[in-house]
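The values are calculated or read from the model by the stated rules, or taken from the named source; none is laboratory data. Every value quoted in this text rests on a predicted model; they were computed, and no experiment measured them. Note that we place each Cβ from the backbone using ideal geometry, even for glycine, and neighbour counts take in every protein chain shown. These accessible areas exclude ligands, DNA and RNA; they are computed on the full protein's heavy atoms, side chains included. Shrake-Rupley method; radii C 1.70, N 1.55, O 1.52, S 1.80 Å.
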Amino acid sequence: MSELIRNIPLVALRGMTILPGMVVHFDISREKSVKAVERAMLRDQKILVVTQRDPEVPEPGMKELYRIGTVVLIKQVMKLPKNIFRVLVEGQERAELTALSEEEGHLCAEAMTFEEEERLELDERSQEAMVRGLKDIFNEYARVHPKIGKEMANQILEIGELGRLVDQISIQIPLHYEQKQSLLEAISLSDRFDRLCVLLTNEVEIAKIKADIQAKVKARIDKNQKEYILREQLRMIREELGEDTTLSDADHYTEELKKLQASDEVKERIAKEIGRFKSIGNNSSESAVIRSYIETLLELPWEKASEDNKDLQNAKEILEADHYGLEKVKERVLEFLAVRSLTRKGESPILCLVGPPGTGKTSIAKSVARALNKKYVRICLGGVRDEAEIRGHRRTYVGAMPGRIANGMKMAGVKNPLMLLDEIDKVSSDYKGDTSSALLEVLDSEQNNKFRDHYVEIPLDLSEVLFIATANDVQTIPRPLLDRMELIEISSYTENEKLHIAKEHLMQKQIEANGLEGYQFSISDGALRKTISSYTKEAGVRNLERKLGQICRKAARELLEGDKKSLKVTEMNLEKYLGRERYTVNRLNKENEIGIVRGLAWTSVGGDTLEIEVNVMPGKGEVMLTGQLGDVMKESAKAGISYIRSVSQIYQIPDDFFKEKDIHIHIPEGAVPKDGPSAGITMATAMLSAITQIPVRADVAMTGEITLRGRVLPIGGLKEKLLAAKKAGMHTVLVPLKNKPDVEEISGEIKKGLEILFVEHMDEVLQAALVKENP
């Protein structure tokens with residue numbers, strides 16, 4: 001029967017729900033709750049406990065409380081420190097809160113109890129099935145929740161009556177207060193059964209999922225723990241064996257790989273090699289090979305580039321300050337910089353500077369790198385004869401290493417340096433391969449973006465590298481290689497250019513090198529000119545720098561020994577520092593002579609004049625050639641004789657002359673080898689002069705190749721030859737007409753004081769060279 005209970009003291013519970021049949025204690029500290037308990041103890045010891053919807057509300061009202069609570073009997077009250085009371089209660093029955101009031105400082109309620117059904121209106125078989133089903137679910141719950149003790153679970157499973165079984169399971173299992181409130185609010189037994197079954201099933205599923213997650217986490221932790229323990233053991237073993245560096249090196253390589261600026265392909269390859277490095281022992285012979293390979297790959301500048309200087313004026317000033325002359329090189333570099341500034345890209349040129357030794361080919365490359373703000377790398381190719389020097393060795397060989405190109409990129413640290421290929425004309429080949437052929441790919445702008453070094457194996461991008469090659473002679477460079485480069489000729493310096501270079505660059509350098517900065521030391525222009533002309537014989541300025549160094553060393557000694565503060569070297573006292581004059585210039589002859597003609601020659605140290613002498617003697621018509629002449633020069637002499645014989649009637653030469661007379665052609669300085677066709681017109685003029693006894697003008701020099709018909713063909717090295725003629729004091733120089741464009745390019749400083757006559761036939765040569773007119 002339902003019963004209305006009036007004025008029953010009420011305690012609001014926070015985070016807790018008490019079910020009928022439960023024996024449980026709870027702590028109270030709120031004054032209203034304490035007074036409600038005290039009021040109940042003075043009456044029948046019964047109170048109504050109702051759970052708060054929100055535990056944080058300090059003073060709950062009707063709205064803040066659940067509607068269904070439990071009438072409990074107070075068993076015991078204990079006072080704890082800090083004004084806390086612990087109350088032990090036993091749940092009696094469910095009750096619905098219908099009204100709430102406050103009396104004498106505590107909450108007082110009006111509640112309606114419920115008539116609870118003990119069994120369902122079902123047949124025994126159905127109830128037995130429900131009991132067994134609930135027991136199975138509880139048994140599964142107890143299995144996955146070890147907190148339900150075995151003894152407690154067995155006691156519950158022995159209960160055969162459905163209502164009692166439902167209530168005992170509800171009381172014993174640890175549920176959240178909201179879930180217990182849900183069971184409390186289920187008034188009918190069937191409702192409680194359904195709710196309990198759903199709750200238990202959910203809890204079992206949650207427990208299974210939780211166990212599964214925990215198993216996975218545990219497995220992962222166990223694996224990590226196992227790896228950690230194994231690594232520690234391995235590290236200890238390696239330490240004992242003195243091999244504890246492999247893993248630390250591998251970790252270091254991995255960190256470096258993360259910082260590396262490179263494509264995914266490169267990074268994958270390096271990561272793979274690091275994995276191999278980890279897996280092999282430190283004593284393995286392959287370990288050192290892989291270590292070296294990984295370090296090489298990590299040091300290469302795959303995507304790292306430096307920022308080029310875009311200031312055209314600044315670049316021009318740097319080039320002008322560092323070098324005197326070399327206008328073509330400077331002009332080409334500034335053109336490249338201008339195109340790069342306008343297009344934001346522009347292909348890097350591949351230049352080849354060709355010229356005699358000591359003319360500044362290598363040093364201008366350094367200046368170009370400084371002007372363009374590029375990293376500078378010099379690769380000397382002189383004497384290189386193995387292809388592997390360029391392409392690298394394959395890693396299968398012991399002691400394999402990358403080629404010079406890849407190594408140069410590694411040294412530069414950026415992918416767009418200036419790379420100087422010094423002495424490219426000195427490379428050679430042997431049975432190990434052709435070095436020049438290996439350079440073809442490097443210097444081809446269409447292919448070098450995928451240059452493959454045998455050691456590195458991953459394609460290297462050389463398209464942004466500014467290549468500058470140097471050579472003394474293009475004749476020894478293979479044609480395909482020469483075709484890939486843009487040739488810029490650097491010719492010999494004039495005496496005036498050498499004077500400027502000495503004053504503006506070399507002197508200061510030698511003064512600093514020899515510690516003369518603090519002294520008043522100077523060299524006059526006359527002394528410099530004499531040093532250039534009488535103590536050096538070269539196209540460049542290398543020996544000149546040595547001579548200036550010699551002067552500075554002797555001056556340093558003199559200043560210290562004589563306790564002087566100043567010293568001036570002049571033309572008069574130069575011999576004191578450099579000794580007697582080493583070279584004398586072959587000045588023009590004072591008189592016109594028969595059979596002697598001044599020719600012009602190109603040498604590796606600049607131009608020179610050659611006095612060609614011809615004598616005619618009684619004999620059997622033989623022609624003798626002396627002076628260590630090459631085959632080409634001998635053939636030019638024979639072509640000259642043939643031409644003279646063809647015009648013998650014009651010059652009234654007897655028919656039997658070439659049968660009865662011997663002709664001897666000699667070119668002085670017999671120890672020096674001579675060759676080339678450019679002395680053809682000179683030898684023909686000398687022979688005709690000797691045969692006809694007509695003198696040749698002493699102030700005339702000439703150069704040009706002769707044909708059988710007397711035509712004059714063009715020659716090379718004209719600038720150096722004109723310099724030699726001017727130095728010898730010549731007034732007139734005969735030059736092939738087809739060399740006229742070359743003459744126009746030569747500076748006026750060289751041509752000043754020279755009368756240059758262009759000739760295209762021997763008639764014109766003889767007209768200008770012989771003293772009297774032809775008969």
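Within the chain, the ratio Rg/Rh, alpha carbon atoms throughout and Rh by Kirkwood, equals 1.45. By how many degrees, between 0 and 90 and to the nearest 10, does the Cα long axis of helix 312-322 differ from the longest principal axis of the chain? Between the helix axis and the principal axis of the chain, the angle is about 50 degrees. The GluC sites (Glu not before Pro) of region 142-185 meeting both criteria, a DSSP state outside H, G, I, E and B (loop) and at most 10 other C-beta atoms within 10 angstrom of the site's C-beta, are Glu158.
Separation of region 161-195 and region 540-554, taken as the distance between their Cα centroids, equals 112 angstrom.
Counting only chymotrypsin sites (Phe, Trp or Tyr not before Pro) that sit in a DSSP loop (anything but H, G, I, E, B) with at most 16 other Cβ atoms within 10 Å, what is the longest stretch of the chain containing none of them?
115-396
Computed from Cα atoms alone, the Kirkwood hydrodynamic radius reported for region 271-415 is 18.2 Å. For the chain, what % of the accessible area comes from carbon and sulfur atoms, probe 1.4 Å? So the carbon and sulfur contribution to the accessible surface is 48 percent. Seen from Asp422, the other residues with C-beta closer than 12 Å to its C-beta sum to a net charge of +3, counting Lys and Arg as +1 and Asp and Glu as -1.
Run the numbers for Glu320 and Lys223: contour at 0.36 nm per residue of separation, minus the present Cα-Cα distance, in nm. Mind dumping the intermediate values first?
On the way: separation 97, 0.36 × 97 = 34.92 nm, distance 6.89 nm.
Going from the current span to full extension adds 28.0 nm.
Only lysines eight or more places from Lys375 in sequence, or on another chain, were considered; those with a Cα closer than 16 Å are Lys304, Lys310, Lys366, Lys410, Lys415. Each part reduced to its alpha carbon centroid, region 39-74 and region 695-716 end up 133 Å apart. The local environment of Asp212, defined by Cβ-Cβ distances under 12 Å, has a net charge of +3 under the rule Lys, Arg +1 and Asp, Glu -1. Within region 583-658, which GluC sites (Glu not before Pro) sit in a loop by DSSP and count at most 13 neighbouring Cβ atoms inside 10 Å? For GluC sites (Glu not before Pro) across region 583-658 that sit outside H, G, I, E and B with at most 13 neighbouring Cβ atoms in 10 Å, the list reads Glu591, Glu622.
In nm, what is the difference between 0.36 nm times the number of residues separating Glu581 and Glu299 and their Cα-Cα distance? It would help to have the intermediate numbers written out before the result.
Numbers: separation 282, 0.36 × 282 = 101.52 nm, distance 5.41 nm.
Result: 96.1 nm gained on full extension.
A simple spin-label model places pseudo-atoms 7 Å from Cα toward Cβ; at Gln767 and Ile458 they are separated by 7.2 nm.
Projected label points at Val632 and Asp194, each 7 Å from Cα along the beta carbon direction, are separated by 11.5 nanometres.
If you roll a 1.4 Å probe over the heavy atoms of the protein chains, what accessible area per residue do you get for the chain, in Å²?
Numbers: 40530 Å² over 775 residues.
That works out to 52 Å² for each residue.
In the distance distribution for region 1-150, Cα-Cα pairs more than 25 Å apart total 39 percent.
Placing a pseudo-label 7 Å from each Cα along the Cα-to-Cβ vector at Glu327 and Val623 gives an inter-label distance of 4.2 nm. For region 711-759, the list of trypsin sites (Lys or Arg not before Pro) that fall in a loop by DSSP and count at most 13 other C-beta atoms within 10 angstrom reads Lys752.
Taking Cα pairs under 8 Å and at least six residues apart, what relative contact order does the chain come out at, in percent? Walk me through the intermediate numbers first.
Details: 1354 pairs, mean separation 55.6, N = 775.
Once normalised by length, the contact order is 7 percent.
A full extension of the chain between Ser101 and Arg711 corresponds to an added length of 205.7 nm, given 0.36 nm per residue minus the alpha carbon distance.
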